[in-house]
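Here is the structure we will look at.
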Amino acid sequence: MKKASKEVITELNRLKTGALFKASVVCGATIAGASEKEIEAVAKYGDYLGLAFQLVDDLMDNDPTIDTGKTKGSDIEKGKSTYLSIYGYDKCKELVAEYTQKAVDALECFGEKAEFLQLLVKSMETRVK
């Protein structure tokens, strides 16, 4: 099986997990009457939330102390290209922190109104130690 590059993995995750989060927040902002600038901000947030979520998912899938309902290490056994197989544990943790901060920063234009969404993305960092 051919290994995917980090660019391919990131793009695939933007188009699947990231797109789901992005669509959710953009639809919510649109329905709430957000401005174009605000919609762009939540779109960035959704992208970064999706990337952080996928990184955490990859880390949790290989942590024997966390019950995810999936067989541990199944991605590795199948030779699947994941963030973990490309970057390793420590770099994945760094990327979770980086994408989390970018998601938080994307919502600065909302001030305190964005607190819930900022706390949501920050909570993902605590899911993997």
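The values are calculated or read from the model by the stated rules, or taken from the named source; none is laboratory data. Since the structure is predicted, the reported quantities are computational estimates derived from the model, not experimental observations. All Cβ positions, glycine included, derive from the backbone under ideal geometry; neighbour counts span all protein chains shown. In case anyone asks, the SASA skips ligands and DNA or RNA and just uses the protein heavy atoms, side chains included. Shrake-Rupley method; radii C 1.70, N 1.55, O 1.52, S 1.80 Å.
Of the numbered conditions (1) at pLDDT 95 or above; (2) within 18 Å of Glu125 (Cα to Cα); (3) touching a Lys or Arg at 6+ places or on another chain (Cβ under 7 Å), Met60 fails exactly one; give the number of that condition.
Checking Met60 against (1) at pLDDT 95 or above; (2) within 18 Å of Glu125 (Cα to Cα); (3) touching a Lys or Arg at 6+ places or on another chain (Cβ under 7 Å), the one that fails is (1).
In a helix (DSSP H, G or I), in contact with a Phe, Trp or Tyr (Cβ under 9 Å, 6 or more places away or on another chain) and at pLDDT below 95, is that true of Gln54?
For Gln54, the condition - in a helix (DSSP H, G or I), in contact with a Phe, Trp or Tyr (Cβ under 9 Å, 6 or more places away or on another chain) and at pLDDT below 95 - is met.
Which residues, taken from the range 15-46, are touching a residue at least 24 places away in the same chain (Cβ under 8 Å) and open to solvent by less than 80 Å² (accessible area, probe 1.4 Å)?
Thr17, Gly18, Ala19, Phe21, Lys22, Val25, Glu38, Ala41, Val42, Tyr45, Gly46 - these are the residues of the range 15-46 that are touching a residue at least 24 places away in the same chain (Cβ under 8 Å) and open to solvent by less than 80 Å² (accessible area, probe 1.4 Å).
Are there any pairs, at least 6 apart or on different chains, whose C-beta atoms fall under 6 Å, with the first in the range 47-60 and of a type in the set (Lys, Arg) and the second modelled with pLDDT under 90 and open to solvent by 10 Å² or more (accessible area, probe 1.4 Å), and if so, which?
Filtered contacts from the range 47-60: no entries.
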